[in-house]
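One structure below.
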Amino acid sequence: MPRDPLHVLQHVFGYPAFRGHQAEAIAHVTGGGDALVLMPTGSGKSLCYQVPAIVRDGVGVVVSPLIALMHDQVAALEELGVRAAFLNSTLSAAEAARTEQMVRRGELDLVYVAPERLLTERCLALLEASPLALFAIDEAHCVSQWGHDFRPEYIQLSVLHERFPTVPRIALTATADQQTRAEIITRLQLESARVFASSVDRPNIRYRVVDKDNGRKQVLDFINAEHAGDAGIVYCLSRKKVEETAEFLAAHGVTALPYHAGMSGESRARHQQRFQREDGVVMVATIAFGMGIDKPDVRFVAHLDLPKSVEGYYQETGRAGRDGLPANAWMAYGLQDVVQQRRMIEESEADDAYKKVQMGKLDAMLGFCETSDCRRMRLLAYFGESAAPCNNCDTCLNPPVSVDGTVAVQQLLSCIVRVGQRFGAMHVIDVLRGDATDKVNHWQHGELSTFGIGRERSAQEWRAVIRQAIALGLIVVDHGSYSALKVTAASRAVLKGEQPVPLREYRAPAKGKKAKKAAAIMADLPDDALPVFERLRAWRRDLAAEHGVPAYVIFHDATLKEIARMRPGTLHELRGIAGVGERKLEAYGGEILALV
Ligand code: ADP
Ligand code: ZN
């Protein structure tokens with residue numbers, strides 16, 4: 001194997017240049033140093049250990065908790081002509097023995113090992129008797145006891161430093177908050193490691209929040225209009241809603257599958273497998289569908305319910321667009337979400353300090369939803385980074401108009417006061433709009449001075465006003481008393497007319513646009529490249545099925561698009577396209593030239 005990282009990048013992986021901190025981190029580890037790599041999903045962390053493992057003598061040992069992915073990760077490396085294998089509980093004794101033999105002889109560039117297996121005395125002894133290039137500790141945030149991906153075995157990985165003091169270690173994660181970072185360093189004894197941290201920004205993801213009207217219909221329209229035939233994830237809060245939404249989408253022609261913790265392990269694995277392997281599957285899931293999604297071509301992540309925190313939201317939306325191509329993070333959000341999430345926190349068994357933290361996180365999430373500023377700026381600020389308006393989010397592309405909402409909010413506040421701060425949003429809106437419902441009649445609220453003063457706004461519009469008033473801290477929802485709306489001390493100045501309230505101008509949710517025929521992934525391809533792209537995709541699908549691997553292991557969409565656009569006539573031209581390394585050129589070059 002060649003000794004130069006750039007040469008390996010270009011000839012084995014087929015990419016022209018390193019990105020971001022890759023070159024530095026790779027040089028450091030290749031030179032024998034320890035490293036901690038903190039880079040967002042999709043930024044190319046894997047190359048940071050794969051390239052040094054290929055360049056250095058001996059075997060690179062990759063510790064990963066994601067057993068389900070190891071087969072595909074190894075298959076992808078084999079497609080590139082890299083010598084790779086894995087050791088985990090899915091292997092028979094004979095298969096494992098064969099792999100161990102190759103490790104001992106240094107006949108592999110990379111071996112993926114599950115942490116519990118690595119920590120066995122048998123495995124440690126094997127590694128001591130083998131030539132080692134490095135240890136890569138993937139998903140290193142799993143050492144954090146406070147994180148939701150905690151794996152007790154990860155804490156014991158400090159043994160690597162004790163037993164293999166001369167083998168370089170590289171820990172990698174996309175979870176980069178300060179606390180997790182500090183925990184990784186102390187627990188893995190990486191005090192002398194160099195830290196390579198990059199911005200958490202995901203510039204190819206477009207963020208959008210829409211006013212929830214009929215959520216599942218809206219998500220169907222969104223998929224039909226912008227993502228027909230694309231792979232995506234739709235997150236819902238409850239198992240029941242997951243089931244219902246998946247059924248609804250499937251009934252309307254979307255290849256949608258449910259995924260939640262209440263399903264059997266077997267059907268979950270089957271659905272994950274289909275999502276990973278097939279083109280264009282939409283997974284409707286609770287957050288149980290999380291770590292271990294390694295699909296580069298997820299084109300959208302949709303939220304039908306408000307996530308509990310910005311961290312969670314960012315992690316979930318981060319599963320879109322790992323391949324760097326345009327992707328959408330879309331969320332439908334409504335007043336009910338705010339009410340429901342607050343109730344869940346208040347009714348939980350947790351202590352008050354914990355509830356307060358959760359409320360704070362929810363408030364930050366609401367702030368994101370209600371912002372009139374660039375959404376990306378808001379997200380990055382949450383993670384301690386500053387940025388300029390991105391021009392790739394809904395508020396940048398279609399800036400909300402700020403209007404004077406003082407009168408509307410005054411009407412709302414006085415109506416809440418008139419009904420005794422004892423009624424929920426629905427009833428307050430009925431009174432404002434002058435709807436003589438049974439409840440209004442029962443309480444004689446038709447006689448209030450505020451009855452019908454807000455007739456000119458639709459109920460949907462009033463809900464938007466209420467949401468913003470909550471986000472501004474002018475009213476609260478009291479769950480101790482049937483989700484009643486109450487005014488806060490801050491509202492006094494508004495009621496007295498001393499403080500104006502700017503609100504976002506209301507826009508009715510867009511009604512379903514006409515569905516496009518082709519998958520959105522092709523939107524930026526010139527018309528004459530479309531049939532070529534389709535042919536390449538069909539060819540890739542058959543080949544992937546034949547090899548028993550996901551389609552992207554053969555070639556990424558980005559590579560196929562580039563081939564369709566350039567239509568290379570010679571192998572030399574084909575080699576110039578990113579993602580075409582030497583091994584793939586040799587294996588598939590002829591067929592591709594014939595296809596284009
Ligand atoms: P991460 O583990 O950080 O989420 P990956 O290692 O899976 O990201 O890389 C994301 C995608 O980017 C992969 O498809 C990978 O092949 C591609 N990639 C990584 N580095 C480069 C590079 N220097 N040039 C082009 N593509 C790259
Ligand atoms: Zn923006």
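The values are calculated or read from the model by the stated rules, or taken from the named source; none is laboratory data. Note that the structure is a prediction, hence the values are computed from the model and not measured. Positions of Cβ are generated from backbone atoms using ideal geometry, with glycine treated the same way; all protein chains shown enter the neighbour counts. Heads up: the accessible areas ignore ligands, DNA and RNA and are worked out on the full protein's heavy atoms, side chains in. Shrake-Rupley method; radii C 1.70, N 1.55, O 1.52, S 1.80 Å.
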For H7 and V195, extending 7 Å from Cα along the Cα-Cβ vector and measuring point to point gives, in nm, a value of 3.5 nm
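Under the definition of Cα pairs under 8 Å and six or more residues apart, what whole-number percent is the relative contact order of region 419-487?
Details: 80 pairs, mean separation 27.6, N = 69.
Relative contact order for region 419-487 comes out at 40 percent.
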Counting only protein heavy atoms with a 1.4 Å probe and every protein chain in place, the carbon and sulfur fraction of the accessible surface of the chain in whole percent equals 52 percent
With -39,500 (n - 2.57) per DSSP H segment of 4 or more residues and division by the full residue count of the chain, the 222 nm estimate, nearest 500 deg cm²/dmol, is -13000 deg cm²/dmol
For the chain, averaging the sequence separation of alpha carbon pairs under 8 Å that lie six or more residues apart and dividing by its residue count, the contact order in percent is 15 percent
Site A17, offset 7 angstrom along Cα→Cβ, radius 17 Å on amide nitrogen, limited to region 552-596, gives 576-579
1/(1 + (r/R0)^6) with r = Cβ-Cβ of R270 and Q156, R0 = 22 Å, i.e. FRET efficiency to nearest 0.05, evaluates to 0.10
Length gained if D438 through E591 is fully extended, taking 0.36 nm per residue and subtracting the Cα-Cα distance, is 47.9 nm
Mean shadow area (nm²) of the C-alpha convex hull around the chain is 29.4 nm²
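Mind checking the full-extension length gain between D177 and K496? Use 0.36 nm per residue of separation minus the Cα-Cα distance, one decimal, nm. Write out the running numbers ahead of the final one.
Values: separation 319, 0.36 × 319 = 114.84 nm, distance 4.29 nm.
Fully extending the segment from D177 to K496 adds 110.6 nm.
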For region 369-386, in residue order, the Karplus 3J(HN,Hα) values (coefficients 6.51, -1.76, 1.60; θ = phi - 60°; whole Hz; Gly and Pro = x) are 5, 8, 5, 9, 8, 4, 5, 5, 4, 4, 5, 5, 4, 4, 8, x, 10, 9
Whole-percent tail of the Cα-Cα distance distribution for region 524-595, cut at 21 Å, equals 16 percent
So the FRET efficiency between S238 and A545, C-beta based with R0 = 41 Å and rounded to 0.05, is 0.70
To the nearest Å², the heavy-atom accessible area per residue of the chain with 1.4 Å probe amounts to 43 Å²
Amide H contacts under 5 Å for V210, restricted to residues at least 5 apart in sequence or on another chain and with H modeled in the peptide plane, are M331, A332, Y333
P(r) of region 80-190 over all Cα-Cα pairs, 10 Å bins starting at 0, rounded to whole percent, reads 13, 44, 31, 11, 0
Rounded to 0.05, the calculated FRET efficiency for the beta carbons of L571 and Q145 at R₀ = 41 Å is 0.20
Taking only protein heavy atoms and a 1.4 Å probe, the highest-to-lowest accessible-area order of W539, W146, W443 is W146, W443, W539
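Taking a threshold of 24 Å on the Cα-Cα distance, which of the pairs K308/K356; K361/K486; K212/K241; K45/K361; K212/K561 fall above it? Spell out each step's value before the answer.
Details: K308/K356 13 Å; K361/K486 21 Å; K212/K241 15 Å; K45/K361 29 Å; K212/K561 35 Å.
With Cα atoms farther than 24 Å apart: K45/K361; K212/K561.
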With all protein chains in place and a 1.4 Å probe, H28 shows an accessible area in Å² (nearest 10) of 50 Å²
Here the Cα Rg-to-2.2 N^0.38 Å ratio for region 402-504 is 0.99
Taking the convex hull of the alpha-carbon atoms of region 5-197 and averaging its shadow over every direction gives an area in square nanometres of 9.9 nm²
